[in-house]
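For reference, the structure discussed in these notes is given below.
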Amino acid sequence: MGCMTAAQAQGTVTFDQWPPYSFSQYYTESGVLLQVLSTNGNAPQSVMGRYPGGPGTPDPTPFMDWVEDHGTNSGFVSISLLSGQPFGLTSVDIGQIASARTLQFVGYPASGGTVSATYYFLPSGMETFSFGPEFSQGLTHVDLFAPSYAMDNLVVTVPEPHAVALLLFGLFGLASRCRTGRRANILIGCKLP
């Protein structure tokens, strides 16, 4: 018997809506929130920046840049949805800035626990990193740990609310039909198989 899954909507955060050469501790696009947080409980000292892309940069299109301030290793970027609902990650374009060697993604499923993936930087340019199935759905947020990186085209999936509602409506109808059929068979003295 096949497995039923809810339909997924997909969106891409391109960072194109962010004004060039601007810096902030948060950014939102298409219902996705990226924010700078701190591991030590203090106010984060780092910011994300948006660069226009082009010659001499890791990406020909606008991208988000993260360089941790003062090498404190206490700041990181966290991804979540503004709605608070669970989501999944499909892929992201990642590039190296400065001396970072790896980028660690740590996801937090709504069911508990953590999932993780590590990206190993190329010497230059951007590369598409595809997430495994453990990142495909049900995450409340994903934290990114590295002293520096460039990011573009973050592909996010979200369960379609109408698909979930339609599935529940169908299950309710099926249960109701079984219950009504069972009652009718009992009334006329027939046994259900």
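Throughout, read-outs are computed from the coordinates displayed, never taken from laboratory work. Bear in mind the structure is a predicted one, so any value in this text is a computation, not a measurement. Ideal geometry is used to build each Cβ from the backbone, glycine not excepted, and the neighbour counts take in all protein chains shown.
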Distance between modelled label sites at residue 37 and residue 136, nm, 7 Å Cα→Cβ extension: 2.6
- line: Sorted by chain and number, the residues with a modelled amide H under 5 Å from that of residue 129, at a separation of 5 or more or across chains, are 92, 93, 94
task: Determine the gain in length on full extension of the stretch residue 26-residue 10; use 0.36 nm per residue of separation and subtract their C-alpha separation, reporting nm with one decimal.
output: 3.6 nm
query: What is the spin-label model distance, in nm, from residue 120 to residue 83 if the labels are put 7 Å beyond Cα along the C-beta direction?
result: 3.8
For the stretch 18-30, Karplus couplings with θ = phi - 60° (6.51, -1.76, 1.60), whole Hz, Gly/Pro x: 7, x, x, 6, 10, 9, 7, 9, 8, 8, 10, 7, 6
